[in-house]
């Protein structure tokens with residue numbers, strides 16, 4: 001398992017297990033524990049959460065399983081997020097869907113997450129979305145308090161663009177050690193708008209969410225999906241796999257921006273594909289064959 | 001009256017009186033003086049001009065009134081702008097509408113402004129528009145000369161985007177202490193393109209022109225205006241005002257970017273609304289209710 | 001002939017001869033030598049190549065002529081580019097059109113260029129296109145090796161946007177001493193997206209390719225071309241030339257961003273126009289007359 005160093009005290013596994021849909025997998029407590037163990041057995045050690053996943057339920061489902069065997073905690077890195085507010089029976093005070101990056105919301109969100117996850121400390125906390133009403137001085141105060149109390153070890157962001165990231169960075173004392181963004185051969189926005197460039201400029205590794213574009217690449221019937229699948233098949237034949245998802249993961253791993261990939265499945269076979277792809281090799285000709293299939297035209 | 005510190009020697013009132021339309025208010029010299037006094041009585045101390053307003057006439061109309069009671073000068077901050085060239089009977093040498101940020105144009109524009117306004121010194125001079133032909137070395141020389149002679153105390157820009165502001169900043173010795181931009185719940189461009197983010201990154205307060213979108217929010221019949229008004233009404237009910245303009249001003253004041261607002265009316269009642277809004281409070285739920293009405297959809 | 005300083009040891013002539021189409025001019029070796037001498041006689045000393053021009057043939061056609069009179073080398077600056085891979089009988093190993101900015105590709109491309117051009121050293125090497133798969137650490141290693149061996153004296157880029165240039169700059173030890181971009185009154189993209197601003201911010205001169213928009217301005221029948229020609233004619237009358245190409249070149253030379261222009265013709269009369277324009281003067285009114293004809297509307 002390749003590892004990516006995010007800070008002096010945190011490295012994550014190149015493949016990350018995503019728990020966004022945990023509540024919909026309908027697993028008993030024991031089955032959830034078994035899944036965690038199977039995931040760890042693949043070499044994956046990093047688990048990706050957010051306070052809001054499953055209507056504020058997924059963290060607790062994970063924590064309940066972890067509590068059955070607390071010693072597993074030492075073998076894993078736990079990532080979670082805050083900053084989105086959802087209306088939910090689990091948060092009766094919330095009046096609407098909006099963002100909140102105030103000091104009090106961040107701290108209270110982290111405290112909920114710690115309790116739900118049955119852990120003492122979060123390895124990496126991400127601001128889930130850029131907040132157009134962000135008061136970065138408040139966010140900085142929240143980070144300081146959470147860092148000093150040991151409740152959060154490292155900080156980062158998710159879905160931030162250049163100007164948002166540069167702005168927040170000016171106010172906080174802790175480094176932003178990753179930006180978790182949507183990245184797949186179906187979704188090139190972050191390649192094109194400078195988000196990848198900034199991460200490389202700052203030497204900050206990226207985490208890719210929806211690397212398979214939520215299944216659209218593998219099953220979509222639109223022209224773009226069909227074009228991409230054709231390229232994936234041809235490249236797959238050359239690099240030695242018939243699994244198109246492995247070709248997609250390899251395409252992301254091949255990029256020099258140090259991209260880890262969130263595999264968000266409840267099926268160990270699907271997760272294993274993301275791990276297997278770490279041993280495949282793709283050259284520039286092959287990488288561009290897929291890239292140009294996405295664009296629908298040659299590069300200039 | 002809240003105040004916003006722009007530099008070590010300049011603070012402005014959170015609400016600014018805008019004189020763009022002074023010539024169309026058809027006031028006698030004495031009525032203009034009375035208006036200035038009424039504005040000062042609200043607590044507003046900052047007056048926003050540009051050389052070109054009213055076809056190069058507004059500054060002189062203001063200066064003529066001020067000359068009736070010169071001691072008022074000490075109670076106010078005067079902002080003006082230069083860099084746009086208009087064809088006008090008042091500037092017979094001008095052959096067309098274009099920009100000019102050359103040393104000679106900036107200096108001559110300031111000298112006209114000082115004479116027209118009947119003052120010795122401008123508190124804040126803004127480059128009115130980013131000039132695609134700007135020679136920043138010339139602009140820097142003009143700033144130096146105007147600063148050393150005491151004719152201009154502070155400098156800033158208007159309608160600048162990130163790359164333009166960063167470029168100019170590299171050449172000049174004086175800080176750019178504000179960017180005066182179009183900001184309203186109807187016009188989110190500067191929220192979306194990084195202009196607000198840059199101001200917060202640089203800790204530079206912003207001035208908002210057209211905060212009511214030139215009346216389009218209050219009277220427009222398009223879907224967007226109707227959606228925004230509905231949200232403004234609902235939020236107004238919650239925060240305690242039935243005046244939609246006050247809700248709009250509160251929406252801008254609530255933002256952490258330190259935004260002052262240019263109220264450009266000749267009617268003291270309209271100006272007073274912008275002042276009153278300083279005592280209203282809006283929470284994130286309410287702010288996003290308006291923001292999402294503008295977008296026409298939920299945030300992700 | 002005006003000169004533009006790109007680094008402490010490199011200045012180029014304001015007008016540059018472009019050899020992209022050399023292979024299509026169908027000149028004998030002796031005619032090519034004669035053209036080079038005629039170009040030098042205009043005062044132009046800078047010649048612009050790329051490895052791929054003419055399907056990897058143009059550099060060798062130039063080098064073959066230069067070899068007839070090697071002492072000419074001392075009178076010229078040679079620019080070439082690498083990073084694009086084309087399928088070609090001259091490069092049988094290439095499987096497709098893509099980019100390659102790996103260490104091995106850059107070094108091998110330079111070695112081909114040196115041999116083809118019959119020279120010992122390249123004055124300025126440009127990365128031809130931003131490579132979405134660029135590994136900047138490899139690019140940096142290639143630059144170091146080429147610089148230390150004396151095979152390349154100076155480095156730059158071509159067609160880079162802000163985020164790409166800032167990213168690469170973080171990794172390399174040599175300054176990026178120019179960005180060669182498409183610039184003409186037909187193609188304002190680089191004026192509008194911050195690319196020009198960044199060059200001025202970094203005080204890096206620009207090189208303009210396709211300054212006549214490949215002839216579209218002079219012969220196009222679309223509304224935009226017709227509008228631009230009308231403005232060029234009117235301005236030409238005022239500044240003293242009936243040659244529209246000279247007006248276009250003057251429009252570019254007048255900009256303060258220190259723009260050199262690549263004249264890519266095999267006809268000395270066309271090249272001479274680009275040189276002649278250096279002695280014409282254009283004021284802001286005239287410059288904006290053309291600029292606003294391009295936009296199709298007035299500036300705000």
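The values are calculated or read from the model by the stated rules, or taken from the named source; none is laboratory data. All values derive from a computational prediction rather than experimental measurement. Every residue, glycine among them, receives a Cβ derived from its backbone with ideal geometry; neighbour counts consider all protein chains shown.
Below is a table of values for the structure above.
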read-out: Exclusive hit being surrounded by fewer than 20 Cβ atoms within 10 Å (Cβ to Cβ) and within 18 Å of the chain's Cα centre (by Cα), set A:238, A:246, A:242, A:189; value: A:189
read-out: Criterion: buried (at least 20 other Cβ atoms within 10 Å of the Cβ), on the phi < 0 side of the Ramachandran plot and without any contact (Cβ under 8 Å) to a residue 12 or more places away in the chain - qualifying residue of C:257, C:284, C:293; value: C:284
read-out: Output for the stretch B:86-120, where each listed residue is over 23 Å from residue C:298 (Cβ atoms) and surrounded by 15 or more Cβ atoms within 10 Å (Cβ to Cβ); value: B:103, B:107, B:110, B:113, B:114, B:116, B:117, B:118, B:119
read-out: The lone exception for residue C:288 - which of (1) within 14 Å of chain B (Cβ to nearest Cβ); (2) not in a helix (DSSP H, G or I) it fails; value: (2)
read-out: Count of residues meeting criterion [within 11 Å of another protein chain (Cβ to nearest Cβ) and under 25 Å from residue A:203 (Cβ atoms)] in the stretch A:132-157; value: 3
read-out: Every residue from the stretch C:273-285 that is out of contact with any helix residue (DSSP H, G or I) (no Cβ under 7 Å at 6 or more places or on another chain) and part of a helix (DSSP H, G or I); value: C:279, C:284, C:285
read-out: Selection status of residue A:75, farther than 23 Å from residue A:173 by Cβ, surrounded by fewer than 21 Cβ atoms within 10 Å (Cβ to Cβ) and more than 14 Å from chain B (Cβ to nearest Cβ); value: yes
read-out: Unique residue being surrounded by 18 or more Cβ atoms within 10 Å (Cβ to Cβ) and under 18 Å from the mean Cα position of the chain (by Cα) when the list is A:208, A:231; value: A:208
read-out: Failed item, numbered, when residue B:87 is tested on (1) more than 21 Å from residue B:180 (Cα to Cα); (2) within 14 Å of chain C (Cβ to nearest Cβ); (3) touching a residue at least 12 places away in the same chain (Cβ under 8 Å); value: (3)
read-out: Residue check, residue A:111 free of Cβ contacts under 8 Å to residues at least 12 places away in the same chain and more than 17 Å from residue A:35 (Cβ to Cβ); value: no
read-out: Lone unmet requirement of (1) in contact with a helix residue (DSSP H, G or I) (Cβ under 8 Å, 6 or more places away or on another chain); (2) farther than 25 Å from residue B:288 by Cβ; (3) in a loop (DSSP other than H, G, I, E, B) for residue B:242; value: (2)
read-out: The stretch C:114-131: number of residues that are within 19 Å of the chain's Cα centre (by Cα) and either within 14 Å of chain A (Cβ to nearest Cβ) or without any contact (Cβ under 8 Å) to a residue 40 or more places away in the chain (or both); value: 7
read-out: Test result for residue A:270, part of a helix (DSSP H, G or I), touching a residue at least 24 places away in the same chain (Cβ under 8 Å) and more than 25 Å from the chain's Cα centre (by Cα); value: no
read-out: Residue check, residue A:261 more than 10 Å from chain C (Cβ to nearest Cβ), under 19 Å from residue A:182 (Cβ atoms), at pLDDT 95 or above and more than 21 Å from the chain's Cα centre (by Cα); value: no
read-out: Residues of the stretch B:1-21 that turn out to be more than 15 Å from the chain's Cα centre (by Cα) and assigned to a loop (DSSP other than H, G, I, E, B), as a count; value: 4
read-out: Residue B:105, sole failed condition from (1) within 14 Å of chain C (Cβ to nearest Cβ); (2) at pLDDT 95 or above; (3) in a loop (DSSP other than H, G, I, E, B); value: (3)
read-out: Boolean, residue A:68 is more than 14 Å from every other protein chain (Cβ to nearest Cβ) and farther than 29 Å from residue A:2 by Cβ; value: yes
read-out: Criterion violated by residue A:193 - all others in (1) within 14 Å of another protein chain (Cβ to nearest Cβ); (2) out of contact with any strand residue (DSSP E or B) (no Cβ under 8 Å at 6 or more places or on another chain); (3) more than 20 Å from residue B:193 (Cα to Cα); (4) at pLDDT 95 or above satisfied; value: (3)
read-out: Test for residue C:71: is it more than 21 Å from the chain's Cα centre (by Cα), under 30 Å from residue A:295 (Cβ atoms) and modelled with pLDDT of 95 or more; value: no
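Here is a yes/no grid of residues against (1) surrounded by 17 or more Cβ atoms within 10 Å (Cβ to Cβ); (2) touching a residue at least 24 places away in the same chain (Cβ under 8 Å):
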position: C:4; (1), (2): yes, yes
position: C:14; (1), (2): yes, yes
position: C:18; (1), (2): yes, yes
position: C:27; (1), (2): no, yes
position: C:34; (1), (2): no, no
position: C:39; (1), (2): yes, yes
position: C:50; (1), (2): yes, yes
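Listed here are the residues, each with its yes/no results for (1) outside any helix (DSSP H, G or I); (2) in contact (Cβ under 8 Å) with a residue 60 or more places away in the chain; (3) closer than 25 Å to residue C:132 by Cβ.
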| residue | (1), (2), (3) |
| --- | --- |
| C:68 | yes, no, no |
| C:73 | no, no, no |
| C:80 | yes, no, yes |
| C:95 | yes, no, yes |
